[in-house]
Amino acid sequence: MTIPTKLPASFIELAPAIVNQLQEALALDYWLVAQFVAKHFQFIAVAGEKNELVCGNAVPMECFDPIRPSPFQTEEDGPVHFAMVRVPIEVGGEVVAVIAGVHHCDLSPGAYRQCEPLAQLLGRMLGEIVSLESKVRQTETLSQTDPLTGLLNRRGWEQGLAREHAHCRRHRTVSMLIAADIDNLKAVNDQHGHLAGDQLLQKVAEIFQKAMRATDLVARTGGDEFAILAVQCPEKSATLLQQRLRASLKEANISMSFGIAALDGSTSGTQTWETADQALFQDKKRETRAR
C-alpha cells in the first residue's frame, strides 16, 4: 500500500538523517520515521536491517501499537528480547508521525534507556518543523485570501493565473478566463448601507463557488470585481458556464456583467485578463442600453 506523503519537504529531507543518527547511537534491527495517514503508518525513512521495509510503503497503525512487548524493566531483570522504541511526533496535540526502533535480539535495558531521550528529542524537533511549516502555509493562505468572501484576493489570483499560464504554454492546453463585476453594488451601498453591500458580495462568491470545480480558480480582484479561471475548459463550455451563472444570479436578483477570453499561452496572462476585461466592458454597455 502506497500513500502520498502530506508532510513538508523539510521533514522528508531531515528524516533520513534522524534515523541514521539514532542507528549510530544504538544499532537496532531498524529505526524508522513514518507518517500517520488514514489509520496507516507510511515509511518516510528507514535505517538498519531494511529487508521488507521500503520507503513509501505503509502498514496498519497496529504494527506500532505501544501495547506490544515493552522493555521497561530494571537492570536486574536481564536483557530485553524484544525492544520497541515508539516516540510520537505531535502537532497541536495530534499524532502526525512516529519515530520507531525495533530490535528482536538481546538488548540491555540500560542501552535502551540511553537512546530513548535522544529519540524523544528528535521527535519533538520534527514536530516543531511540521508545526512551523503549517503556520507558514496558513500565513501564506491568509495573505492570498479575501477576508470578506473567502475567495482568492488579487495577489492569490495573479499567482494562480501565472501558474496556469505557464501550464497552458508548456502543455499546449487552453483554459478560459472570465471577468465579472456587479452592476449595482454602489447603488446597494448608497441605498441600503455597506452591510447590505457586503452580503451581496458574499452571495456572489457563494454562487460562483458552487458552480466551479475544485481545480478552477475564483477570486475577488477588486471592490465589485471577480475573476474565474476555468482550467482546461473549451470556449463552448465557458459560455455555458457563464449562462448558468447568469441564471443563478438572476434567481438571487443580482445583475452582473461578464467577459470571456481564452488563456492558451500565446499571450501573457495579464494580456488575456485585459482581453476579458474589455469584453466585460462591452457586455456592461449592452446591459446598460437594455435597461
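Given the options LEU148, LEU122, name the one that is modelled with pLDDT of 75 or more, over 20 Å from VAL37 (Cα atoms) and outside the structural domain of GLN232 (by TED's automatic domain parsing). It would help to see each step written out before you state the result.
Values: LEU122 fails: modelled with pLDDT of 75 or more.
Unique residue meeting the criteria: LEU148.
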Can you tell me which residue is surrounded by the fewest Cβ atoms within 10 Å (Cβ to Cβ) among those in the range 92-112 that are at pLDDT 65 or above and outside any strand (DSSP E or B)? GLY93
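Yes/no per residue for (1) among the β-branched types (Val, Ile, Thr); (2) in contact with a helix residue (DSSP H, G or I) (Cβ under 7 Å, 6 or more places away or on another chain); (3) within 26 Å of GLN243 (Cβ to Cβ); (4) crowded, with 19+ Cβ neighbours inside 10 Å:
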| site | (1), (2), (3), (4) |
| --- | --- |
| LEU142 | no, no, no, no |
| ARG170 | no, no, no, no |
| ILE182 | yes, yes, yes, yes |
| ASP190 | no, no, no, no |
| GLN202 | no, no, yes, no |
Listed by first then second residue, the pairs whose first member lies in the range 17-37 and is in contact (Cβ under 8 Å) with a residue 24 or more places away in the chain and in a helix (DSSP H, G or I), whose partner is β-branched (Val, Ile, Thr) and crowded, with 17+ Cβ neighbours inside 10 Å, with beta carbons under 8 Å and at least 6 positions apart or on separate chains, are ILE18/VAL33; ILE18/ILE99; VAL19/VAL33; VAL19/VAL46; VAL19/ILE99; LEU22/ILE99
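For residues that are part of a loop (DSSP other than H, G, I, E, B) and more than 20 Å from GLY259 (Cα to Cα), tally how many sit in the range 178-198.
The initial filter retains those residues of the range 178-198 that are part of a loop (DSSP other than H, G, I, E, B), namely 183-184, 193.
Now narrow it down to the ones that are more than 20 Å from GLY259 (Cα to Cα): 193.
Count: 1.
The values are calculated or read from the model by the stated rules, or taken from the named source; none is laboratory data. Predicted model only: the values in this text are computed from it and were never measured. Cβ: placed from backbone, ideal geometry, glycine included. Neighbour counts: every protein chain shown.
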